[in-house]
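Working notes, beginning with the structure itself.
The values are calculated or read from the model by the stated rules, or taken from the named source; none is laboratory data. This one's a predicted model, so the numbers in the text were calculated from it and none came from an experiment. Don't worry about glycine lacking a Cβ; one is built from the backbone with ideal geometry, like all the others, and counts go over all protein chains shown.
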Ligand SMILES: Nc1ncnc2c1ncn2[C@@H]1O[C@H](COP(=O)(O)OP(=O)(O)O)[C@@H](O)[C@H]1O
Ligand SMILES: [Mg+2]
């Protein structure tokens, strides 16, 4: 494997941090995902694009374990994890965000992050009662780190607010910072920039590149091709539940099939915001 | 001792007992979001097991029941709690893994009815419709209490147990485990995506809450000396729900307040009022109506309850003053590249 940030597609390809092969999923007979097959290269930012209803969200739901698939296989690194429950996939270091923000509404912003802290001794009642000092010390460390993450994401001043009281854009930032708090190796972002203003798009893009710089593998669903162009190294095009093409955006633009059938539509969608 | 004190200490007993029950239901529903509509069934299990363990062998007593080991208080009480927890594990293994929220609630309400019918009709278990009676008074041989002195004494014992259970419960709800309970309550899909084993966590919550139910039930049979199916009609579950909703779901102190308002003032106090001439029992019938009206009024005007759930602020979570002062969004924003810093957290949309 190489650390080459822009690998030539036919030469040294980085190892796949996450891959799937022939994933299928039907809802009441409707095939939402129909054989999706792709690999997400380690350490890069990969875009998952495709028209509305292509099955992108369903794929992310399946890869993160929030949903089971009907067929196909999923691997995280070399380990096969097909249809593992969500929490076990999460514990391998794969975190995901949701297209429609799903904050833990009754908790504060800070607590939303604290929930995500991995390996908490205080989640065992034995420790809570028998090793209170260990629990307290770890909690203090987690609070410190959560405050750092909130600071980075510009949510520090909202730390004590009820998460359900945040605005739409703030909730988007909370989704990402909560996933980051879990120190993920792989991050799946479902339209992290949908419905937010250009300045915030800029900001979230910066955060994603910062994460990449620390070695996190990112797979993001994104409609805005300008954003894809600027921050994504690799693109996967999904259409009607199938992988239509993979590669660099520039190469895909020359792929007549992709352009005719799908990119046009994606570009339309992105201009509508 | 005058009748007045007899009444007062009976009220005090039920105040503390329902405080315990409410804490049990609150951790299941208020903290973890499990709509346990079979809650009173777990109370009954605690009560019967506590009573049957204290009673002597059933031979020659004129009653039919299992156990009959003559165990001393509080050993029998603890085992009553354990029995309720054990049953919760069985129920959870069967239902929780597959079912969510409303379906789970329906299955649990059916379970409550089945438990009730079986206990009411299957005499060898806990003496059927007659229930258990003549349950030995706790500490009877040791303290030689009279009927009159037993009531204030046992109200005090129940108060002490409630205090202990409150300290334990506060510790649990303040811990990271408690936070995970609330995360699952708010969104179980998100909690799972963050690495939480939802089933295991719900199982823990069921187990703890049912232990409290069992202890609360065991104290009732120890206090009254008897327990039968009229005491735990499936609808009684909703009285406990009324206690936690009126008191304030998600707040342990609210449970005591809810118990005071609903259980003590509305359910038990009216029974001690002089009855209306020619209409004996009328006042008691109004209990449920008053509780129902209060519940609707609360849900309409103050759904968070009398003592709402507290937000847990950074300073209470171990965020030192130093940690809070050292950071500031303005300073951090200034340090970031211009294009990125331009988007203040309030700048979107
Ligand atoms: N939970 C569901 N139940 C039924 N149909 C669904 C469900 N989720 C997605 N679908 C359907 O599956 C298809 C793909 O949806 P989705 O994965 O959300 O697409 P995308 O994210 O690419 O816009 C759509 O036709 C959608 O209506
Ligand atoms: Mg989608």
Check your understanding: Within the set of pairs 6+ apart or on separate chains, which have a first residue in the range A:45-72 that is outside the structural domain of residue A:219 (by TED's automatic domain parsing) and at pLDDT 95 or above, a second that is away from ligand 2 (no atom under 13 Å from the Cβ) and in a helix (DSSP H, G or I), and C-beta atoms under 9 Å apart?
Key -> none
Revision key, fill the gap. Of those in the range A:165-174 that are touching a residue at least 24 places away in the same chain (Cβ under 8 Å) and more than 13 Å from residue A:105 (Cβ to Cβ), the residue nearest to the other protein chains (Cβ to nearest Cβ) is A:169
Review point. Has the range B:215-231 got any residue that is at positive phi, surrounded by fewer than 21 Cβ atoms within 10 Å (Cβ to Cβ) and over 13 Å from the mean Cα position of the chain (by Cα)?
Key: yes
**Study point:** Count - residues of the range B:222-252 that are more than 22 Å from residue B:120 (Cβ to Cβ) and in a loop (DSSP other than H, G, I, E, B)
**Key:** 4
Practice item. Those residues that are away from chain A (no Cβ under 13 Å) and either over 19 Å from the mean Cα position of the chain (by Cα) or closer than 24 Å to residue A:146 by Cβ (or both), I need them from the range B:299-314; list them, please. Key: B:299, B:300, B:301, B:302
Point to revise | Single match in A:177, A:164 (criterion: closer than 27 Å to residue A:77 by Cβ, modelled with pLDDT of 95 or more and out of contact with any strand residue (DSSP E or B) (no Cβ under 9 Å at 6 or more places or on another chain)) | key: A:177
Study note, to complete from the structure: If we take the range A:15-127, then helices (runs of 4 or more DSSP H) inside it with 2 or more residues that are crowded, with 22+ Cβ neighbours inside 10 Å and more than 9 Å from chain B (Cβ to nearest Cβ) are A:56-63, A:109-116
Exercise for review: Kindly indicate the residue of the range B:104-124 that is at pLDDT below 85 and surrounded by fewer than 13 Cβ atoms within 10 Å (Cβ to Cβ) and also farthest from the chain's Cα centre (by Cα) among those meeting that condition.
Suggested key: B:124
**Study point:** Breaking point among (1) surrounded by 16 or more Cβ atoms within 10 Å (Cβ to Cβ); (2) modelled with pLDDT under 75; (3) more than 14 Å from chain A (Cβ to nearest Cβ), for residue B:332
**Key:** (3)
Review point. Can you tell which of A:90, A:17, A:47 is within 30 Å of residue B:318 (Cα to Cα), away from ligand 1 (no atom under 11 Å from the Cβ) and within 15 Å of the chain's Cα centre (by Cα)?
Key: A:90
Review point. In this structure, is residue A:162 surrounded by 15 or more Cβ atoms within 10 Å (Cβ to Cβ) and at the interface with chain B (Cβ under 7 Å from one of its Cβ atoms)?
Key: yes
Exercise for review: Please list, ordered by first then second residue, the pairs with beta carbon atoms under 7 Å, 6 or more apart or interchain, first in the range B:169-180 and within 9 Å of another protein chain (Cβ to nearest Cβ), second not in a helix (DSSP H, G or I).
Suggested key: B:176/A:120; B:180/B:196
Practice item. Of the conditions (1) away from ligand 2 (no atom under 16 Å from the Cβ); (2) touching a residue at least 60 places away in the same chain (Cβ under 8 Å), residue A:98 clears all except one; give me its number. Key: (1)
Practice item. Search the range B:181-190 for residues being in contact with a helix residue (DSSP H, G or I) (Cβ under 7 Å, 6 or more places away or on another chain) and under 17 Å from residue B:98 (Cα atoms), and hand back the single one that is nearest to the other protein chains (Cβ to nearest Cβ). Key: B:185
Check your understanding: Within the range A:185-200, restricting attention to residues that are away from ligand 2 (no atom under 16 Å from the Cβ) and buried (at least 22 other Cβ atoms within 10 Å of the Cβ), which residue is farthest from residue A:93 (Cα to Cα)?
Key -> A:200
